[in-house]
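First the structure, in the form of structure tokens, and then the observations on it.
The values are calculated or read from the model by the stated rules, or taken from the named source; none is laboratory data. Just so we're clear, the structure is a prediction, and the values are computed from it rather than from any experiment. We place every Cβ from the backbone using ideal geometry, glycine too, and count neighbours over all the protein chains shown. SASA here: full protein model, heavy atoms, side chains in, ligands and nucleic acids out. Shrake-Rupley method; radii C 1.70, N 1.55, O 1.52, S 1.80 Å.
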Amino acid sequence: MMFFGYFYIGTIFLLVLSGSNTFPIVKFITQPIELTPCELCNLVLPIAKTLIARNESLLMEELGIVICQQLHLADDAVCAGMINEYNYVLIEVLRFSPLSTYEICGVAFGCLPQADIPALRWNVTLPPSSQSAPSLAALSADDLPSQYILSVLHLADLHIDIEYKPGSNADCGRPLCCRDGLPKPGETGAGFWGDYRTCDLPQWTAESMLKYIAQNEEQIDFIYFTGDIAPHDVWQQTQDKDLNEIFFTTQLLTETFPNKKIYPCVGNHESAPPDLFPTTNATSWLYSTLANQWIDQFGLEEQTRDTILKGGYYTTTIVSKLRLISLNMNYCTENNYWLFINSTDPLGQLQWMIEWLQYAEEHLEKVHIIGHHPPRMCMVSFSWAYYSIVNRYQSTITGQFFAHTHFDEFMLFYNETNATQPISIAYITPSFTTYPNVNPGYRVYAIDIENSVSVLDHRTTILNLTATNLYNKTVWTEEYSAKSAYDMIDLSPQEWNKFVLQLENDIDGETMGLVYQYFMKSATTGAACDRMCRKKLINCNLKTARAQDATFCSEIS
């Protein structure tokens, strides 16, 4: 999406420079050009800034649509929709960002380390370490009576598509398919229950999955819902459309789980356009709705309203000794173009988190953190600041739960001064949607509420989409339990690190293949991941929780 935005601006200005005879230049720029995305970006952005200064934004939008169509970047509807949605934001960013052309292009296309950009460098202030909250050893679920174990359902990335049409074109060339048109000759149409191709989840499949959970997971104590409601029709998102989808999904969840408390966070698809969250009150249309829905329907306390209205984040006490911090991680990613204007701890959210972690430490509380984007996918300063916070409060933070990737992952955090010492673990829960090429799934965590308030085990269940479409009935698979599948004593950071070292020492072995199979939610086997793929998965995913961190990932990437 970022490349689309900059390529769109670049082609507009090449067209403007060519004069009124548009066809020759359009024909010319469809020919192969030996330019990297960064080189092209650096070539055209100065022209873009000049035209913005001349108030030529309307011309930019009109010409952008023409060029997008001529270059077949997308079909007419997607071209018009995407440019209409993102045009204003890109212009505002180029007008007000303190970043130079070279720096903007470097961030946009990853060709310049963000640490080399002074305007993007910042950190947070951490209180000195306290000795009042000693780290507690992890226990096994077998060691605790059932009344001391909480069962937590984690739902992530629902992306329910109410326009899904069985038998339609599932490979349509748009960001989202399975809605209309006929399949190409020799190809099958969209499956009734869903499709592995560029498609989101049909409404009836989502409803059937939630019904199955409600009927078969009888011990659920509460629910973490880490965002992404709208489908991937990113070229036609509007505020009204997003709000309708939020109302629909909220009602569906509360009707399915009428007696369960739901703790949500904000996904990047909750905004219109997706990913874009300004730090002004321009997002009040979303946050006022979320505050009402989360408090009135999901059961959050009234005291959470102020920070939800400010930026879609909050803290609350779940049970005695367990505090939840729900972050809005949309204020950390470079896909949120507004951060190109000012990325320094947007809304003061990290400093706010530090204050509550300090409070928790002083009051002997343990803390779970939920958010949509994993911190590895944030801008560098935010990501490294978050990592430092986890290091400082490693005895207080006993659970981290993220989403967004749609895959089944975890991330280890290490001591900042000793990269061999694991200090925390973050889980990335698999998606409800099939997008892209995965089975739908959900996860249940067993939480020790008596001692460390940490994860004792987690269990993942998937809908076998191939079998479900074949037999025209939902076919469920208890995919795996982490402790059982990986033969772990417990799920402490130390045990996870030991497990990862075992994977490294047997990179071609069956267990590493199993890790990749579960990563893909059993939509494929471990054989699909060769040695380089496996090394990347270990070093750049499982062992790396910071953006642009070369500690483990440098040689691989």
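Key figures
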item	result
Computed log₁₀ I(q)/I(0) - Debye formula, equal Cα scatterers, no solvent, the stretch 305-378, q 0.18, 0.23, 0.24 Å⁻¹	-0.74, -1.08, -1.14
Descending Cα extents along the principal axes, the chain, whole Å	78, 59, 51
Helix 76-96 vs. the chain, principal-axis angle (Cα, 0 to 90°, nearest 10)	80 degrees
Cα-only Debye scattering, the stretch 162-313: base-10 log of I(q)/I(0) at q = 0.17, 0.19, 0.21 Å⁻¹	-1.03, -1.17, -1.29
1.4 Å probe accessible area per residue over the stretch 513-557, in Å²	44 Å²
Accessible surface of the stretch 183-249 [probe 1.4 Å, protein heavy atoms]: carbon and sulfur percent	52 percent
Which listed pairs, of LYS211/LYS260; LYS498/LYS535; LYS483/LYS536; LYS498/LYS543, have C-alpha distances above 18 Å, in listed order	LYS483/LYS536
Cys with no candidate disulfide partner in the chain (beta-carbon separation under 4.7 Å rule)	CYS265
Segment THR317-ALA528, extension gain: residue separation times 0.36 nm, minus the distance between their alpha carbons	71.6 nm
Whole-angstrom gap from the stretch 83-132 to the stretch 401-446, using each part's C-alpha centre	25 Å
Calculated FRET value between LYS536 and ALA485, using beta carbons and R₀ = 25 Å, to 0.05	0.70
For q = 0.12, 0.21 Å⁻¹, Debye-computed log10 I/I(0) when each Cα of the stretch 432-486 counts as one equal scatterer	-0.38, -0.81
By average C-beta atoms within 10 angstrom, highest first, the peptides 182-192, 477-487, 361-371	361-371, 477-487, 182-192
Rg ratio (alpha-carbon, reference 2.2 N^0.38 Å) - the stretch 37-112	1.12
Accessible area of the stretch 37-112 divided out per residue, in Å², using a probe of 1.4 angstrom	45 Å²
Label point at LEU470 placed 7 Å out along Cα→Cβ; residues across the stretch 494-530 whose backbone nitrogen lies under 15 Å	523-525
FRET E, pair LYS211, ASN55, Förster distance 41 Å, beta-carbon r, rounded to 0.05	0.15
Dipole-positive endmost among VAL455, LEU51, PRO264 within the chain (Cβ charges, Cα centre)	LEU51
Pair THR36, ASP76: separation of 7 Å Cα→Cβ label points (nm)	3.8 nm
Net charge dipole size for the stretch 37-112 [Lys, Arg +1 and Asp, Glu -1 on Cβ; Debye, nearest 20]	300 debye
Cα-based helix-to-principal-axis angle, 284-296 vs the chain, degrees rounded to 10	20 degrees
